[in-house]
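See structure below.
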Amino acid sequence: MTENEFINILKNGDFKERFNAVSTADPAYLIHALNDKDENVRYKVVSRISAENLTPLINDPFKEVRLIVAKRIDAKELPKMMNDRSFWVRYAAAERIDESFLPSLMSDKEPIVRIKVAERIAPEYLKDMINDSEALVRKAVSKRIPKEYLPLMKDDESESVRNIVAERMSKL
């Protein structure tokens, strides 16, 4: 299909025709479908379009579209997604974002995001996460925190955290 045929389908086709078109068209044409009215068409577009063309969909109303964007977009664009309303999008951003941005996510309201931060953040920041309200976050912290801060976690309320701390301290 030519680019003009593709554009014509986007303008005049029903959902099935538009979906089939974005599924099979040359990926270079997909830029024309970024604003399709149907989230399923946009979802297919973000799965196939080149990563450098994903920026317009950072704020798509459909969280599944934004999630694929967060997983595929150039990592330099991820700071724009750190405050997304979906914790899955913030988690995907935390997986790939440059380490220097992770301190901004240390107090994210969702534990799963904070766990990912604890797994990736520079070790010198982990001491600021030892009193996290979520045991699984503290467990992630206890696995990576510099050894000089381990004593601060030895009396943690979570047995799994205490066990990790005790094991690491026994190897000092």
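Miscellaneous remarks
- Inter-residue pairs, beta-carbon under 6 Å, first under 17 Å from Ile73 (Cα atoms) and touching a residue at least 12 places away in the same chain (Cβ under 8 Å) and in the stretch 33-59, second part of a helix (DSSP H, G or I) and of a type in the set (Ser, Thr, Tyr), 6+ apart: Lys44/Ser23
- Apart from one condition, Arg66 fits all of (1) over 19 Å from Phe87 (Cα atoms); (2) surrounded by 17 or more Cβ atoms within 10 Å (Cβ to Cβ); the exception is (1).
- Residue match in the stretch 73-95 (condition: hydroxyl-bearing (Ser, Thr, Tyr), without any contact (Cβ under 8 Å) to a residue 40 or more places away in the chain and surrounded by 15 or more Cβ atoms within 10 Å (Cβ to Cβ)): yes
- Hits in the stretch 55-103 (condition: polar (S, T, N, Q) and part of a loop (DSSP other than H, G, I, E, B)): Asn59, Asn83, Ser86
- Breaking point among (1) out of contact with any helix residue (DSSP H, G or I) (no Cβ under 9 Å at 6 or more places or on another chain); (2) in contact (Cβ under 8 Å) with a residue 12 or more places away in the chain; (3) farther than 30 Å from Asp132 by Cβ; (4) among the charged types (D, E, K, R), for Lys16: (2)
- Checked across the stretch 7-24, the condition of being within 30 Å of Arg144 (Cβ to Cβ) and outside any helix (DSSP H, G or I) holds for no residue.
- Total residues in the stretch 60-74 satisfying the condition of being over 12 Å from Arg42 (Cβ atoms) and either of a type in the set (Asp, Glu) or at pLDDT below 95 (or both): the figure is 1.
- Scanning the stretch 106-157 for residues that are among the basic types (Lys, Arg) and closer than 25 Å to Ser170 by Cβ, we see that the one that is surrounded by the fewest Cβ atoms within 10 Å (Cβ to Cβ) is Lys147.
The values are calculated or read from the model by the stated rules, or taken from the named source; none is laboratory data. Small disclaimer: the values here were computed from a predicted structure and weren't measured. Cβ atoms come from the backbone with ideal geometry, glycine included; neighbour counts cover every protein chain shown.
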